[in-house]
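Engineer: Please read through the structure below; I'll follow up with questions.
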Amino acid sequence: MSSLDLDGLRKDLFVHLQRGSLGSLDNRTDHKEHSLSFLAHGEANVIFRLNQQQIVRVAVNTPNQRFGGDFSLLTSFEQAILDYIQGTGIGHELQFAQSQPAPDFPYTYLITNYLVGEPLNYSRAHLRQCAETLAHLHRLPLSARYDVAQLSPPVPVIDQPLELFYQESKEYAQPYLDSAEADPAIAQMIQALLAKARSRLGLAHLLTRYPHRCLVHSDHTYENWVINDQHAYLIDWEWAEIGSPAGDLGHFLSPVTICRRQGYALPPENRAFFLQCYYDALADKQLATAIKHHFAAFGPFPAVRSLCWTAGYWITARRWYAEANNDSAIERIRRLQESHDQFKDLCEAVMAWLDEGVTT
């Protein structure tokens, strides 16, 4: 990812907003003077805080291949998601969208409300709140108002997630397995992991026997949650899809996902606590039964895919950042080394998950 002049971007955006979007937003707020400050820089978006009540998400990169490098597709995709969940309290409330570049500002962006809270810390209070938010998201299609058909396109539909995630896991791991830099011990772990995942592909029939399809967020890194005393919100929807709710549960509980927060490992009793809170929050015994079967079959696969992606990323990212000399590149190289040091323990945890028995 090429470096951006963030201050220049902020100034250009502010001038652009003053010429247009702020006029419509003024009808919603009491602001007479406006301010715009840098808030965060992710892989896909640069985020600015507008006044006190809003944020602006500017699309500056498209690491997700589904957008083919087109910023406007990323913004339109997230706009569709936010339109779908508008008023549910699950995530941001969309206030304005510019899905095509303007003559005076060559990027696309979304303006939403500002959410007050902190990232997920895996305390029981946070686990309960996240479980309730995910249950709310996953039960939306029980209402005709939230038919997921209205989301496709642009949101992709995943009909056979076990096979898809297995194939993607193989593809993600291949750059590492083919590399002269590969550690033979780690390569052997990856091969064993893929073999174990392949042996579970026959469980896909459980998803067919107990059908339920919904919007799935798919990226539960702790920073993608904003949590306060009242509620847990999901943000950053660029990896969302329509498919099995077990994709969310599996990614949320993946040791690879959880480890991103300062090397944390979730105790088994807290894992069970989260799942029980989730099933209770569904408030529908038939739906809970269906999702339990989905989770038993598909639950470990997001963790398998994340591990394989991590190994492949070691090879590709080192090439990207090897000659970069900025804080972002240095931090990413540090994280690469950290994930390498943690790989054995994470792989053992995912293998143990794959070994869990399934009642069919």
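Just so it is clear, none of the values below were taken in a lab; they were calculated from the coordinates. What you are looking at is a predicted structure, and each value in this text was computed from that prediction instead of being measured. Note that we place each Cβ from the backbone using ideal geometry, even for glycine, and neighbour counts take in every protein chain shown.
Engineer: Show which aspartates and glutamates lie in cross-link reach of residue 11 when reach means a straight Cα distance below 18 angstrom and same-chain residues fewer than eight apart are skipped.
Structural biologist: Result set, ordered by chain and number: 33, 104.
Engineer: Could you tell me the largest-minus-smallest coordinate of the C-alpha atoms of the range 24-117 on each of the three principal axes, in descending order and whole angstroms?
Structural biologist: Rounded to whole Å, the extents work out to 39, 33, 24 Å.
Engineer: Sticking with this structure for a sec: Averaging sequence separations of C-alpha pairs under 8 Å and six or more residues apart, then dividing by the length of the chain, give the relative contact order as a whole percent.
Structural biologist: On the way: 511 pairs, mean separation 61.7, N = 360.
Once divided by the residue count of the chain, the mean separation gives 17 percent.
Engineer: What does the extension gain come out to for residue 285 and residue 83, with contour length at 0.36 nm per residue minus their alpha carbon separation? Please list the in-between numbers first.
Structural biologist: On the way: separation 202, 0.36 × 202 = 72.72 nm, distance 2.86 nm.
Value of the extension gain: 69.9 nm.
Engineer: Explain nothing, just compute: Karplus ³J(HN,Hα) = 6.51 cos²θ - 1.76 cosθ + 1.60, θ = phi - 60°, for every residue of the range 87-103 in order, whole Hz, x for Gly and Pro.
Structural biologist: Karplus values, whole Hz, x for Gly and Pro: x, 8, x, 7, x, 5, 9, 6, 10, 7, 9, 10, 9, 10, x, 9, x.
Engineer: Net charge within 14 Å of residue 247 by Cβ-Cβ distance, Lys/Arg positive one each and Asp/Glu negative one each, not counting residue 247 itself?
Structural biologist: Details: positive: 213, 305; negative: 159, 163, 168, 219, 241, 248.
With Lys, Arg at +1 and Asp, Glu at -1, the neighbours total -4.
Engineer: Around residue 83, under 14 Å between beta carbons, what's the net of Lys plus Arg minus Asp minus Glu among the other residues?
Structural biologist: -2
Engineer: Another question, if that's okay. How tilted is helix 327-354 with respect to the longest principal axis of the chain? Cα atoms for both, answer in degrees (0 to 90, nearest 10).
Structural biologist: 30
Engineer: While we're here: Given the peptides 239-246, 43-50, 167-174, 195-202, arrange them by the average over their residues of other C-beta atoms within 10 Å, most packed first.
Structural biologist: Result, highest mean Cβ count within 10 Å first: 239-246, 43-50, 167-174, 195-202.
Engineer: Let me understand the range 124-354 better: what is its radius of gyration from the alpha carbons, and its Dmax, in angstrom?
Structural biologist: 18.0, 55
Engineer: When only C-alpha pairs under 8 Å and at least 6 residues apart count, what is the relative contact order of the range 6-113, in percent?
Structural biologist: In percent, rounded to a whole number, it is 22.
Engineer: For residue 108, enumerate residues with amide H under 5 Å from its amide H, sequence gap 5+ or separate chain, H modeled in the peptide plane.
Structural biologist: Here 59 satisfy the definition.
Engineer: Let me ask something else. Using the alpha-carbon centroid of each, what span in Å lies between the range 134-167 and the range 280-299?
Structural biologist: 15
Engineer: Whole-Hz ³J(HN,Hα) for each residue in the range 290-302, computed from phi via Karplus 6.51 cos²θ - 1.76 cosθ + 1.60 with θ = phi - 60°, x for glycine and proline: what do you get?
Structural biologist: 4, 6, 4, 5, 4, 5, 4, 7, 9, x, x, 5, x
Engineer: For every other residue with a beta carbon closer than 13 angstrom to the beta carbon of residue 190, add +1 if it is Lys or Arg and -1 if Asp or Glu, then tell me the sum.
Structural biologist: Taking every Cβ under 13 Å from that of residue 190, the sum is +1.
Engineer: Residues with amide H under 5 Å of residue 96's amide H, sequence separation 5 or more or different chain, H placed in the peptide plane at 1.01 Å from N; which?
Structural biologist: Sorted by chain and number, the residues that satisfy this are 111.
Engineer: Next question, about the same structure. Apply the Karplus parameterisation 6.51 cos²θ - 1.76 cosθ + 1.60, with θ equal to phi minus 60°, to every residue of the range 58-67 and state each ³J(HN,Hα) to the nearest whole Hz, in sequence, with x for glycine and proline.
Structural biologist: With the stated coefficients, the range 58-67 comes to 9, 6, 10, 7, 10, x, 6, 5, 5, 9 Hz.
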